[in-house]
Amino acid sequence: MISVDEALSKIEAHKQTSDPITLHITKCLHYVLAKNVYALINMPPFRQSAMDGYAIFIHENDTYSLVGEIKAGDAPNLSLQKGEAVRIFTGAAVPNSANAVVMQEKTTVKNNILTINETPKNEQNIRPLGEQIKKGTLALTKGTALTPSKLSFLASLGSNQLLVYPKPKVAIVVTGSELTPPGTPLEEGKIYESNSLLLSATLQNEQINDFTIYKVKDDYQSTEDLLKKVIDENDFVLVSGGISVGDYDFVGKALKNLETEEIFYKIKQKPGKPLFFGKKNTTYVFALPGNPASALTCFYIYALPLLRNFSNQKQTHLSKITQKITHDYHVKGIRAQFLKAKSSKNGVEILGFQSSAMIHGFNNANALVFIPENTSFIKSNEDVEVILLP
Ligand code: AMP
Ligand code: MG
């Protein structure tokens, strides 16, 4: 059995970012850029009208003769003389010979003669070539997480393929002969299976969508066969249950027989003592305790950093803050603890329903309070470490 700190440093030592892949830009939301992207064009690519109105070649009085029209998308193949104007619309290319656009609300037109209410400034209402970004300059740096606005910025510059860090492919393996799918009648001695949803929904919350759920009864051979297959096919395997010391807990034995390297097994913590972390070839295996609150806590503290790091996200761990606890707290036992808690501007409160079997405890929680091992009592108003839940 190792301490929480030792387990965390082993996780840190196994952080490995995946090799980048090229994806079509429409598939890149929430991916991280694997190389700098430079603008392929000037944006805007031509002097562009910012208004619906008239492009003019300014002269000394306020009447102009109208000589044509340029719509958005037209190539401006006419040349204005001093005192001439052309009808123009937002986004249309302004002819080189024009030196201002007057908005239509500030004009009147009669018999093809435009009268303007006031003389515009030079280049008024014209977006300069490359005003937003110049061709060949840095648009986004390597390491940027791609949001909708950033993707559309790159699309506006003509990018259509991006080099990004891939998302992990994950298998969720749910073990237990007592498990019944929700939506079917519950027989005596059975419970509804909820950890597959717990883990798959948590992955989706992390924008990881390439996962497959497998279910297996507490039977040695089926467990080994399934684990062999999913280790071969995935970057991460998240097992639920069957990793404890009961006679029907077969996951540990199967992983051992499959020659999975054990990086650690069992942590001096509550909940989640029987967590197993191992590696076979390039696949990481987290065998999480079946108790739902333990499974989720172990996922957040130990599996999440490696999953996030795989796709090179900047923040790999959940955010941590220090806050004052709002009440006295007597700690049960000597193991380190991750306690469901509610953090607010008044401080942090440790909630009820702390049993590892009760996912209920997370319902009102927005944080976990970390209590180091061998702590027996925390006095109201003392500082504690608070891990914020996503
Ligand atoms: P185990 O780790 O397999 O000994 O399971 C510990 C506890 O968690 C037992 O009470 C199981 O019934 C329960 N459990 C295991 N897997 C699941 C699951 N997928 N959904 C809900 N409860 C589970
Ligand atoms: Mg079990």
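The values are calculated or read from the model by the stated rules, or taken from the named source; none is laboratory data. For clarity, every value in this text was computed on a predicted model and none was experimentally measured. Here Cβ is always computed from backbone atoms with ideal geometry, including for glycine, and neighbour counts include all displayed protein chains. The area values use the complete protein model at the heavy-atom level, side chains included, leaving out ligands, DNA and RNA. Shrake-Rupley method; radii C 1.70, N 1.55, O 1.52, S 1.80 Å.
Beyond 21 Å between alpha-carbons counts as too far, so tell me which of Lys253/Lys280; Lys169/Lys320; Lys167/Lys215; Lys190/Lys228; Lys10/Lys256 fall in that bin. The partial results should precede the final answer.
Numbers: Lys253/Lys280 14 Å; Lys169/Lys320 27 Å; Lys167/Lys215 23 Å; Lys190/Lys228 27 Å; Lys10/Lys256 19 Å.
Over 21 Å apart, Cα to Cα: Lys169/Lys320; Lys167/Lys215; Lys190/Lys228.
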Amide H neighbours of Tyr214 at under 5 Å, excluding residues fewer than 5 places away on the same chain, with H built from the backbone geometry, are Ile172, Val173, Val174
In the range 320-388, if the dipole is taken from +1 on Lys/Arg beta carbons and -1 on Asp/Glu beta carbons about the Cα centre, which of Gly361, Ile387, Gln323 is farthest to the positive end?
Gly361
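Just to be sure I understand: of the beta bridges DSSP finds with both ends in the chain, what percent are antiparallel, rounded to 5?
70
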Rg/Rh for the range 259-314: what does it come to with C-alpha atoms and Rh from Kirkwood?
0.98
Add +1 for every Lys or Arg and -1 for every Asp or Glu among the other residues with Cβ under 12 Å from the Cβ of Gln204, and state the total.
-1
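When only the heavy atoms of the protein chains count and the probe is 1.4 Å, how do Thr147, Thr316 rank by accessible area, highest first? Don't skip to the end; give the middle numbers.
Values: Thr147 50, Thr316 10 Å².
I get Thr147, Thr316, largest accessible area first.
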Note: probe point = Cα of Glu262 + 7 Å toward Cβ; backbone nitrogen < 15 Å; residues of the range 275-305 passing the test are 275-280, 285-288
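Could the peptides 105-115, 329-339 be put in order, highest first, of the mean number of other beta-carbon atoms found within 10 Å of their residues?
Working: 105-115: 12.4, 329-339: 17.4.
Descending packing order for the listed peptides: 329-339, 105-115.
Between their Cα atoms, which of Lys142/Lys345; Lys273/Lys324; Lys15/Lys324 are more than 30 Å away from each other?
Details: Lys142/Lys345 36 Å; Lys273/Lys324 27 Å; Lys15/Lys324 32 Å.
Beyond 30 Å: Lys142/Lys345; Lys15/Lys324.
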In Å, descending, principal axis extents of the Cα set of the range 1-55:
78, 22, 18
Work the Kirkwood hydrodynamic radius out for the chain: mean of 1/r over every pair of different alpha-carbon atoms, inverted, in Å.
25.5
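How much mean residue ellipticity at 222 nm does the chain get from its helices, if each DSSP H run of length 4 or more adds -39500 (n - 2.57) and you divide by all residues, to the nearest 500 deg cm²/dmol? Numbers along the way, then the final one.
On the way: 7 runs with 65 residues, N = 390.
Rounded to the nearest 500, the figure is -5000 deg cm²/dmol.
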Candidates Gln313, Gln48, Gln124: whichever shows maximal mean-square fluctuation once the chain is modelled as a Gaussian network with Cα springs under 10 Å
Gln124
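Name the shape class, rounded, prolate or oblate, that the alpha-carbon gyration tensor gives for the range 320-388, where a ≥ b ≥ c are the square roots of its eigenvalues, rounded holds for a/c under 1.5, and otherwise prolate holds if a/b is larger than b/c and oblate otherwise. Please report the intermediate quantities before stating the final value.
On the way: a/c = 1.62, a/b = 1.04, b/c = 1.55.
Oblate shape, in that a/c is at least 1.5 and b/c is the bigger or equal ratio.
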Tell me the net charge near Glu261. Cut-off is 11 Å between Cβ atoms, Glu261 excluded, with +1 for each Lys or Arg and -1 for each Asp or Glu.
+1
Mind checking which of Lys345, Lys279, Lys217 has the largest fluctuation in a GNM of the chain, springs on alpha carbons under 10 Å?
Lys345
